[in-house]
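Before any comments, here is the structure.
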């Protein structure tokens with residue numbers, strides 16, 4: 001078989017690359033394994049390049065209950081649109097048994113599109129920057145680890161936002 005026959009057609013070729021940050025979390029089943037495996041899955045997204053991931057963090061649920069979460073943030077360079085990327089993330093969640101019940105319910109895997117370039121997007125199925133990220137230490141701390149004092153469009157610098165959050169336990173895992 002020729003090398004040409006093995007090539008995968010990339011429908012996103014030719015589009016500009018946009019930097020996107022993805023929140024990754026889980027608190028059901030083997031949460032740490034799910035987060036690590038999901039990070040590996042993100043590295044294989046068509047039309048995207050995996051750039052970096054944060055350390056893993058353990059945090060208590062915010063506005064919810066259940067076991068502690070394992071969280072991380074990944075950075076991608078992507079040629080997918082924000083909605084295409086959202087659908088790719090939801091397909092990964094589905095493969096991990098994600099069931100959408102109530103808001104902040106425990107989950108086998110949660111992949112959130114946190115930032116898509118420096119854009120602000122509000123549609124019925126997607127809000128970017130993520131609607132609650134400015135008040136979540138489990139998002140901001142790993143984001144700052146890989147992106148530094150990044151600006152959250154419409155909210156301000158991530159480090160300033162993190163400094164205002166009280167009472168959210170978060171622990172970096174070895």
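The values are calculated or read from the model by the stated rules, or taken from the named source; none is laboratory data. Everything numeric in this text was worked out from a predicted model, so none of it was measured. Cβ: placed from backbone, ideal geometry, glycine included. Neighbour counts: every protein chain shown.
As a summary of the residue check, residue 146 satisfies the conditions (1) within 13 Å of residue 23 (Cα to Cα); (2) out of contact with any strand residue (DSSP E or B) (no Cβ under 6 Å at 6 or more places or on another chain); (3) surrounded by fewer than 20 Cβ atoms within 10 Å (Cβ to Cβ); (4) touching a residue at least 60 places away in the same chain (Cβ under 8 Å) except for the one numbered (2). You will find that of 162, 126, 115, the residue that is farther than 22 Å from residue 67 by Cα and in contact (Cβ under 8 Å) with a residue 60 or more places away in the chain is 115 and no other.
The residues of the range 23-78 that are within 15 Å of residue 144 (Cβ to Cβ) and not in a loop (DSSP other than H, G, I, E, B), listed by number, are 23, 52, 53, 57, 59, 71, 72, 73, 74, 75.
Among the residues of the range 109-125, those that are under 18 Å from residue 90 (Cβ atoms), in contact with a helix residue (DSSP H, G or I) (Cβ under 8 Å, 6 or more places away or on another chain) and surrounded by fewer than 17 Cβ atoms within 10 Å (Cβ to Cβ) comprise 121, 123, 125. Restricting attention to the range 29-52 and to residues that are over 23 Å from residue 83 (Cβ atoms) and in contact with a strand residue (DSSP E or B) (Cβ under 8 Å, 6 or more places away or on another chain), the residue that is surrounded by the most Cβ atoms within 10 Å (Cβ to Cβ) turns out to be 35. Answer yes if at least one residue in the range 1-22 is under 18 Å from residue 174 (Cα atoms), in contact (Cβ under 8 Å) with a residue 60 or more places away in the chain, in contact with a helix residue (DSSP H, G or I) (Cβ under 8 Å, 6 or more places away or on another chain) and not in a helix (DSSP H, G or I), and no otherwise. No - not one qualifying residue is present in the range 1-22. When residue 139 is tested against (1) at pLDDT 95 or above; (2) within 27 Å of residue 31 (Cα to Cα); (3) more than 16 Å from the chain's Cα centre (by Cα), just one condition goes unmet, and that condition is (3).
Of all residues assigned to the range 86-104, at least one qualifies as being touching a strand residue (DSSP E or B) at 6+ places or on another chain (Cβ under 8 Å), free of Cβ contacts under 8 Å to residues at least 40 places away in the same chain and buried (at least 17 other Cβ atoms within 10 Å of the Cβ).
Only residues that are surrounded by 14 or more Cβ atoms within 10 Å (Cβ to Cβ), in contact with a strand residue (DSSP E or B) (Cβ under 9 Å, 6 or more places away or on another chain) and assigned to a loop (DSSP other than H, G, I, E, B) were counted in the range 149-174, giving 3.
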